[in-house]
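Reviewing the structure listed below.
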Number of protein chains: 2
Amino acid sequence: MASSPRQFKLGAFLMQTGHHIAAWRHPGAQADAGVNFRHYVALAQKAEAAKFDAIFLADSVGVRNSDLASLSRTARSDHFEPLTLLAAIAALTERIGLIATVSTSFNEPFNVARKFASLDQISGGRSGWNLVTSSGTGEAQNFNRDTHFEHALRYERAAEFHDVVTGLWDSWEDDSFVRDKESGRYFDEHKLHVLGHKGKHFSVRGPLNVARSPQGRPVVVQAGASEAGRDLAARTAEVIFVAHQTFDEAKSFYADIKERLPRHGRHPDDVKIMPGIFPVVGRTQAEAEEKFEQLQALVHPVVGISLLSNVIGGFDLSGLPVDGPLPVLPETNGPKSRQRLLLDLARRENLSIRELYLRIAGARGHQQVVGTPASIADQLQQWFEEGGADGFNIMAPWFPGGLDDFIALVLPELRRRGLFRTEYEGRTLRDHLGLRRPVHPARAAHVEREAQPAAA
Amino acid sequence: MASSPRQFKLGAFLMQTGHHIAAWRHPGAQADAGVNFRHYVALAQKAEAAKFDAIFLADSVGVRNSDLASLSRTARSDHFEPLTLLAAIAALTERIGLIATVSTSFNEPFNVARKFASLDQISGGRSGWNLVTSSGTGEAQNFNRDTHFEHALRYERAAEFHDVVTGLWDSWEDDSFVRDKESGRYFDEHKLHVLGHKGKHFSVRGPLNVARSPQGRPVVVQAGASEAGRDLAARTAEVIFVAHQTFDEAKSFYADIKERLPRHGRHPDDVKIMPGIFPVVGRTQAEAEEKFEQLQALVHPVVGISLLSNVIGGFDLSGLPVDGPLPVLPETNGPKSRQRLLLDLARRENLSIRELYLRIAGARGHQQVVGTPASIADQLQQWFEEGGADGFNIMAPWFPGGLDDFIALVLPELRRRGLFRTEYEGRTLRDHLGLRRPVHPARAAHVEREAQPAAA
């Protein structure tokens, strides 16, 4: 196959024992992965050696409020807080990007702006913030609320949260801190910018007490696929991590987002769209399927039914025949995109409850590919070259084996096709992703003023 | 001198370029220390090689709201967020304790409990939380408020915050996570404890989504010297970091705290009291004084006056004669203990404004010792042996030189006297400090039940 002039971006989505719900029971899995620091360091260093753009961490600010019978059979209740973990990993890596999920629902923008700015300094410009809204009742109840915020309000709060955080990241210009010992001038007071934000949800004076990021600003990542999510992403996201089941969905989402960008004064290249991919890799198709079945066989029905029930919005399915169809369900206040994806899938393929939960036991609504290096590379290449993706977030079924397989078997095939780098081109996450370093607003205005004739 | 059967505890209080307000202008200082990760790593590794119990980081969630003329001449506006920094340092150290200051005023207890639990897992049991309340207006204005909380309310909130955090740390028992791949049982549901806290300031369900700490619970540190601060500390603190100007003050505070402990069912050894010490070390007294004068000469009057003004509660002193006395000032809502210490000092020694600001340019109200290894060791030994301290938090005037001097000159003298360890006795911060590992409440109750005859 001819080599592609463009290359795609790859994230390594790390999650405890792996993305398959039964991953922790795999004989090769590190069962205590959630709180095993050496486990995460080994994975991050592997991903870096393989030249991934970034590692990516999801988050939840609470233990799921699901039935104990299921909860106690999954490895989802004990895990590191992502920013603490990424800061520690930053110290033991040099080039790979570090993206952490932090919710806008139960945090203060000053704290979030500061932590990512700090991580960016520690890592030499490798931090990224996956901005999400929280929708779990179990999360809300850890933060003085009985229920989570209603969908629209959640996004309104998220949009303002974003603006405060990025505003705080611009508190200082790149050369604010002169630190001249002789004159005693530590910073140039003309290059300090007090935000003075007063909005509906937040009132934040600033300035931030961290110097401007090596990247200008940490990279902003988003994952929303609902209308409100797309709108916010088109205005503010630089990477979009998204779940698709089919190429058509991916293509339609991709086109929609890229079309929205100019309305916000943005260029299509300003946003990288990276669908999640759950790859099960075998040297033959049979070997791949065998690997997958090994994991599927480890899913306890109690866990499967509970998982499905949560994803579709909390409806109790435990009384229904597991080999019967999913009932018709009303719209909820939960994570819309995920729910809709699942219901569409069940309808399209006429799946029973058991078949449906086995579908999401691994990829959780993302694209699941069980195949050989060539067939997986074919699919990624198609999505990339035919307008479905700028890159992919790789969700290994279990760690370390699933990631090892992708690196050892699929990456060489992608490189043979010229689709993925053999060496990092730069040092920061923006360098890897091919994202512009933002010019500070005060400098941008300055540049503009200089380009204009003086007013009369 | 005879060797002491007890040995004292030492913290290395790291702060950007150093504790002296003009430290950053010292020819040997790292002027960009606040955002220089390698600088902090080198200091932490030095402190670990010297067998310090812990490194300690202060914090402020905002840039001081002081006049720009002064602010722009100090190195206090750009620094790492402490938890992010300590997590990164954890990855590059093995034994030293890691204590970070996090305010109860502008955080949520779930987030704080989780981050320290996470740091404790990453570091193998080395984390400590310095629980403070925030009193700066500049901080409040970054968190949706015009002014900070009133003193009593701040402490009431802090007390409840503490109880929620420690309650969340007990969400899981030590052996909750069985992770048995064969049976599919990941945790024992009888060893999960939902907090269900509903109080005046917080409503937090739990459980925490991090396994129980290697230390049982991270160590709780406090710094309040006001009546409300002492009361909270006697009930909840395991280390108290405190500022004293005289031995009599230290002795009186020490006795007061140790006397309060039994009222809360605690033993005197359950709390380690560690005053801050600002040491300027010379091989001769003249050399020590010369080193100190070198720093004092770098204090700009604009900076000195502004520093003093802030510490005494925000009164503007800029119009007053710098060589005249401090006027009589009313009580404020600021940090009471610090303000009172300063006013007492000025009165006791009849100091001018300039003399007073030069006194706090270094130690900021803490005990300043300018002397030889022997004279400094004499003082520390007296405080330790005569009921003033269980250890000390060492506040080097500038980094790295001030810490290097203490390690190279004072530590050998302390070791000759048998006052400080030559090797770590254990692996966790609790081990170093000689603090008991807390028994989980469910186990404590169990032990009690077993000791009782069965009810009829």
Fill in the blank from the handout: Cβ density ranking, 10 Å radius, fewest first, applied to A:Arg283, A:Arg217 yields A:Arg283, A:Arg217
Handout entry: 0 to 90° range, to nearest 10: angle between helix A:285-296 axis and chain A longest Cα axis
Key = 90
Exercise for the section: On a 0 to 90° scale, report how tilted helix A:247-260 is relative to the longest principal axis of chain A, with both axes built from alpha carbons and the result rounded to the nearest 10. Expected result: 20
Problem - Modelled FRET efficiency - R0 41 Å, A:Gln285 with A:Val328, Cβ distances, 0.05 increments - result: 0.70
Handout entry: Cα-based shape type of region B:1-151, given that a ≥ b ≥ c are square roots of the gyration tensor eigenvalues and the cut on a/c is 1.5
Key = oblate
Handout entry: Prolate/oblate/rounded call for the protein assembly as shown, Cα gyration tensor, a/c under 1.5 rounded
Key = prolate
Handout entry: Summed residue charge, Cβ within 13 Å of B:Thr101's Cβ, Lys/Arg positive, Asp/Glu negative
Key = -2
Completion exercise
Per the C-alpha gyration tensor (a ≥ b ≥ c, the square roots of its eigenvalues), chain A is rounded if a/c is under 1.5, else prolate if a/b beats b/c, else oblate; here it's prolate
Problem - Amide hydrogen neighbours beyond the local backbone of A:Val242, cut-off 5 Å, H modeled - result: A:Met274, A:Gly276
Completion exercise
the protein assembly as shown: antiparallel bridges as % of DSSP beta bridges, rounded to 5, reads 15
Practice task
Working from Cα positions, state the angle (0 to 90°, nearest 10) between the long axis of helix A:353-363 and the longest principal axis of chain A.
Solution key: 40
Practice task
With a Förster radius of 35 Å, plug the Cβ-Cβ distance of B:Asp174 and A:Ala42 into 1/(1 + (r/R0)^6) and report the FRET value to the nearest 0.05.
Solution key: 0.85
Completion exercise
From fewest to most C-beta neighbours within 10 Å, the residues A:Met15, A:Met274 line up as A:Met15, A:Met274
Practice task
Sort A:Ser375, A:Ser134 so that the residue with the fewest other Cβ atoms within 10 Å of its own Cβ comes first and the one with the most comes last.
Solution key: A:Ser375, A:Ser134
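None of the figures in this text is laboratory data; all of them are computed from the coordinates on show. No experiment lies behind these values; they were computed from the predicted model shown. Here the Cβ is made from the backbone with ideal geometry for all residues, glycine too, and neighbour counts use every protein chain on show.
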